[in-house]
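Novice: Handing you this structure, nothing more for now.
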Amino acid sequence: MQLPEDVAPAASTVAGLDEALTHCRACPRLVAWREEAARVKRAAFADWDYWGRPVAGFGPADARLLIVGLAPAAHGGNRTGRMFTGDRSGDVLVRALHDIGLASQPTSVRRDDCLELLGVRFTAPVHCAPPANKPTPAERDTCRPWLVRELQLMRPTLGALVVLGAFGWQALFPAVAAAGWAVPRPRPVFGHGVRTDLPPAPSAPASLRALPVFGCFHVSQQNTFTGRLTPAMLRGVLAEAARAAGLTTTA
Ligand code: SF4
């Protein structure tokens, strides 16, 4: 079996990376879970042919703003095959992006729904649906080379990151460090609206710019149904990060 640490560094384009990723079977527990969910299905989606594979990032390869989540949902991205598509988290995130002019439509339902992200890309530190939305530290670390390579390939245009939730925040810093940015010690603490600017590492190419990283509560139902994360709070962080990345918004 080929491992991400062997395959990901060989990808020369984001599209190639996305394609290679969908064949990954490096985490036995997650492979079993994603395929079990695809076989058993949720009753409401009984007529769906579930994706049941790793879910690649979604959005243009030359995006300026990268939004980093946690992992696909068993009946969301693992069903539709597209990140933040077909579940409540995607509904909330895409509506907020559309509200500020960074998504072509306010809904994200299925892969052929014509949604376009405008200067924005979604990704995650873990690309397969985990039981109870909780990947293990070992699974997170096994999946990291995909994110490292994605960050490296996006370096020419990448202007800012938004990280949704504490898991993604913890997972991100080793990846950005491996992709060429210097991470302060101690690491910045996660919080909603927190911003930290990572300078290029001394060994990085001279062309690499500092990377602003923004924390945002995750768009999970647990946060959005309880009001811990309101649409206005989400729009606020996304708009600030978009401006830092050099994108024009309607906010
Ligand atoms: Fe591969 Fe990542 Fe899925 Fe593990 S979580 S099987 S490393 S794509």
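Computed from the coordinates by the stated procedures, all read-outs in this text should not be read as laboratory data. Nothing here was measured: the structure is a model prediction, and the numbers come from that model. Methodologically, a virtual Cβ is constructed for each residue, glycine included, from the backbone with ideal geometry; neighbour enumeration extends over all protein chains shown.
Novice: So for the chain: antiparallel DSSP bridges make up what percent, rounded to the nearest 5? Mind dumping the intermediate values first?
Specialist: On the way: 7 of 19 bridges.
Of all bridge pairs located within the chain, approximately 35 percent are antiparallel.
Novice: Mind listing the phi-derived Karplus ³J(HN,Hα) values for region 57-64, rounded to whole Hz, using 6.51, -1.76 and 1.60 with θ = phi - 60°, and x for any glycine or proline?
Specialist: Ordered by residue, 3J(HN,Hα) equals x, 9, x, x, 5, 9, 4, 8 Hz.
Novice: Averaging over every viewing direction, what projected area does the convex hull of the Cα atoms of region 202-251 cover, in nm²?
Specialist: Details: hull surface 19.4 nm².
Averaged projected area of region 202-251's Cα convex hull equals 4.8 nm².
Novice: Provide the convex hull volume over Cα atoms per residue for region 36-183, in Å³. Mind dumping the intermediate values first?
Specialist: Working: hull volume 15.7 nm³, N = 148.
Measuring per residue, one finds 106 Å³ for the Cα hull of region 36-183.
Novice: What per residue convex hull volume, in Å³, comes out for region 142-251 when only alpha-carbon positions are used?
Specialist: Values: hull volume 11.6 nm³, N = 110.
So the per-residue hull volume is 105 Å³.
Novice: I need R185, R25, R95 ordered by Cβ neighbour count within 10 Å, fewest first. Each step should come with its number before you reach the end.
Specialist: On the way: R185 7, R25 15, R95 18.
Fewest-to-most Cβ neighbours within 10 Å comes out as R185, R25, R95.
Novice: Could you please report the charge total around G191, scoring K, R as +1 and D, E as -1 over all other residues with beta-carbon less than 15 angstrom from its beta-carbon? Please report the intermediate quantities before stating the final value.
Specialist: Values: positive: R187, R195, R228; negative: E240.
Overall, the nearby charge balance is +2.
Novice: Let me ask another. Kindly provide the Kirkwood hydrodynamic radius of the chain in Å, to one decimal, from all pairs of distinct alpha carbon atoms. If you can, show how the numbers build up before the last one.
Specialist: Values: mean 1/r = 0.0556 Å⁻¹.
Kirkwood radius, the chain: 18.0 Å.
Novice: Still on this structure: Where nothing but the Cβ of Lys and Arg (+1) and of Asp and Glu (-1) is charged, how large is the charge dipole of the chain around its Cα centre, in debye to the nearest 20?
Specialist: On the way: 27 positive and 20 negative charges, 101 e Å.
Magnitude of the dipole: close to 480 debye.
Novice: What is the ratio of the Cα radius of gyration of region 19-122 to 2.2 N^0.38 Å, with N the residue count, to two decimals? If you can, show how the numbers build up before the last one.
Specialist: Numbers: Rg = 13.8 Å, N = 104, 2.2 N^0.38 = 12.8 Å.
Region 19-122 yields a ratio of 1.07.
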